[in-house]
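Undergrad: Starting off with a structure, shown below.
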Amino acid sequence: MALDARWQGPLTNAGIGLVALLLAALVVGTAEDEDEDEAAALRALPALDARGLAALAVGAPVLIEGRVASGPSAGEAGLVLAQRQQAVGVTKPGTNEMRFAWEPVPPASAADAALRIDSASGPVTLVNTDFAWRDPPRVHGQAATVVAGSTRTVGFAAGDPITVRAAVVDGGQARVRALEVFGGTRAAYLDALAASDAVPLVLGGGFALLGAGMLVAAVVGARRVRRA
């Protein structure tokens with residue numbers, strides 16, 4: 001027996017609604033499991049200075065809070081620590097909307113000299129430059145209108161506050177391998193991570209609202225078919 005064509009709309013709406021709700025549960029559930037573990041681990045890390053590193057073993061995870069020490073500036077921007085970035089078009093998750101993200105441009109020369117951070121009890125040295133960047137405090141050369149291929153320089157000047165997520169290389173010499181640098185205090189860094197963690201929840205909420213709306217539309221449509 002063929003299905004009455006009048007039921008096509010309600011059934012389609014119901015199918016879309018159920019898929020959207022499943023996506024919402026998947027996005028939120030997966031994000032919460034991963035984000036809670038990472039957030040708990042980072043909150044448990046104290047903000048250390050040079051003296052605090054001395055008692056830690058090689059490879060121990062740490063957060064270093066301090067200010068960027070003076071050193072050779074990088075190009076016209078006059079930054080002690082700088083990164084050249086280029087705008088690339090990416091699709092916003094869950095939509096067809098395009099936006100621009102900033103990706104690092106590979107340096108044309110060898111790696112910069114090691115960066116020093118002035119902590120409360122002395123300098124801490126970052127032995128590498130291949131770390132991730134989060135919210136650097138200074139932006140230079142960014143055009144008012146950003147298009148694909150636009151470039152800018154971001155970074156830190158001497159005296160800027162900085163928090164570094166790192167692993168100990170030599171605690172006695174206060175040397176660490178940086179994993180991520182952030183332009184602010186430890187408290188601000190944790191707040192920024194929490195804001196990033198909220199993005200999947202917002203996306204999941206959007207799917208949930210879509211799913212609920214489509215199911216309501218399916219119920220309303222079904223009632224109209226029955227009354228016809």
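Every number in this text was worked out from the coordinates using simple rules, so none of it is lab data. Small disclaimer: the values here were computed from a predicted structure and weren't measured. FYI the Cβ positions are ideal-geometry reconstructions off the backbone, even for glycines, and counts take in every protein chain you see.
Undergrad: Measure off 7 Å from each Cα along the Cα-to-Cβ vector at LEU179 and VAL90, then give the distance between these two points in nanometres to one decimal.
TA: 2.0 nm
Undergrad: Here's a follow-up. Going by how many other beta carbons lie within 10 Å of each one, how would you line up SER121, SER70, fewest first? Working shown, then result.
TA: Working: SER121 15, SER70 12.
Going from sparsest to densest Cβ surroundings: SER70, SER121.
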